[in-house]
Amino acid sequence: MTDGSAPVGVFDSGVGGLSVLREIRKCLPNESLLYLADSAHVPYGEKSPEYIRERCRIIAAFLVEQGAKALVVACNTATAAGVAELRECYPLMPIVAMEPAVKPAAQATRSGVVGVLATTGTLKSARFAALLDRFAADVRVITQPCPGLVERIEAGDLDSPETRAMLIGWIEPLLAQGCDTLILGCTHYPFIRPLLTALLPADVHLIDTGAAVARRLSELLAERHLLAGGGATQRFYCSGDPQRMARVLPILWGENVEVEFFSG
């Protein structure tokens, strides 16, 4: 029987899921957190669904071994490829996953044109196509893959001239077609929200789902009487270079943290 003091396990292809972890810490400050960045295999967006499903299985098994009482798949591409299988493997465990915020964006748009910045893997997925069919029948959705952007954010490069130029090249065509609502369809992208805000007209609405995921996690833990009472701890793991991740954590997480190596 899992008790409330057990940690919540959160994972992503890299450090992007820290944007979700940030929202979880804000919403659930008493919860202990395990975070795993699969940085040796980042980005997931260009890899096959089969490959990503295998990574999800390996990482979830490790987090469960570490005592996780719940799992958060803090990656849109991993959600699209692997969350259904994880829910089959761990039917009794609360599992919260990501998906691009198509429904709130469709409700928010005034022009009827919604843009989506995401990885190729997310945009090609059946899960994303189903979201469009379900929630975007009455709006025009323009998708924009962003190759290379995850790698820049992984390196802590949030506002260099090169990153700025990449974003301008992607958002200008969206704006030219009347986009007034922009979905950040990758958990890495909230870290460049300040730069996007500077580049976009003030009336363009940016939407991501980190806060909604944190709220859903809170609901599930409460329903199952698994909320922690305090004594929160945090542990960070990385399948790539732990020192490299540790260097960007002050930028993305806001504090210096020791990172442990994950060999899976």
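The values are calculated or read from the model by the stated rules, or taken from the named source; none is laboratory data. Source: prediction; values computed, not measured. When we count neighbours, we look across all protein chains shown, and the Cβ atoms used for this are built from the backbone with ideal geometry, even at glycine.
Listed here are the residues, each with its yes/no results for (1) buried (at least 16 other Cβ atoms within 10 Å of the Cβ); (2) outside any helix (DSSP H, G or I); (3) of a type in the set (Gly, Ala, Ser).
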| site | (1), (2), (3) |
| --- | --- |
| Gly115 | yes, yes, yes |
| Leu123 | yes, no, no |
| Asp133 | no, no, no |
| Thr143 | yes, yes, no |
| Leu175 | yes, no, no |
| Ile183 | yes, yes, no |
| Thr187 | yes, yes, no |
| Pro194 | no, no, no |
| Asp203 | no, yes, no |
Check: Scanning the stretch 230-253 for residues that are small (Gly, Ala, Ser) and over 17 Å from Leu28 (Cβ atoms), which turns out surrounded by the most Cβ atoms within 10 Å (Cβ to Cβ)?
Finding: Ser239
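Filter the stretch 48-57 for residues that are part of a helix (DSSP H, G or I) and either more than 23 Å from Lys124 (Cβ to Cβ) or at pLDDT below 95 (or both) and give the result. Don't jump to the end; show me each part of the working.
From the stretch 48-57, those part of a helix (DSSP H, G or I) are 49-57; that's our starting set.
Pro49, the sole residue that qualifies.
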Next item on the list: Identify all residues within the stretch 57-85 that are closer than 17 Å to Gly9 by Cβ, in contact with a helix residue (DSSP H, G or I) (Cβ under 8 Å, 6 or more places away or on another chain) and buried (at least 24 other Cβ atoms within 10 Å of the Cβ); write none if there are none.
Entry: Ala60, Leu71, Val72, Val73, Ala74, Ala78, Thr79, Gly82
Next item on the list: State which residue is surrounded by the fewest Cβ atoms within 10 Å (Cβ to Cβ) when the search covers only the stretch 4-47 and only residues that are more than 14 Å from the chain's Cα centre (by Cα) and part of a strand (DSSP E or B).
Entry: Leu33
Check: Quick one: what pairs do we get from the stretch 156-174, first residue without any contact (Cβ under 8 Å) to a residue 24 or more places away in the chain, second crowded, with 17+ Cβ neighbours inside 10 Å, C-beta under 8 Å, 6+ apart or different chains?
Finding: Asp157/Thr163; Ser160/Arg152; Glu162/Arg152; Met166/Cys146; Met166/Leu149; Met166/Arg152
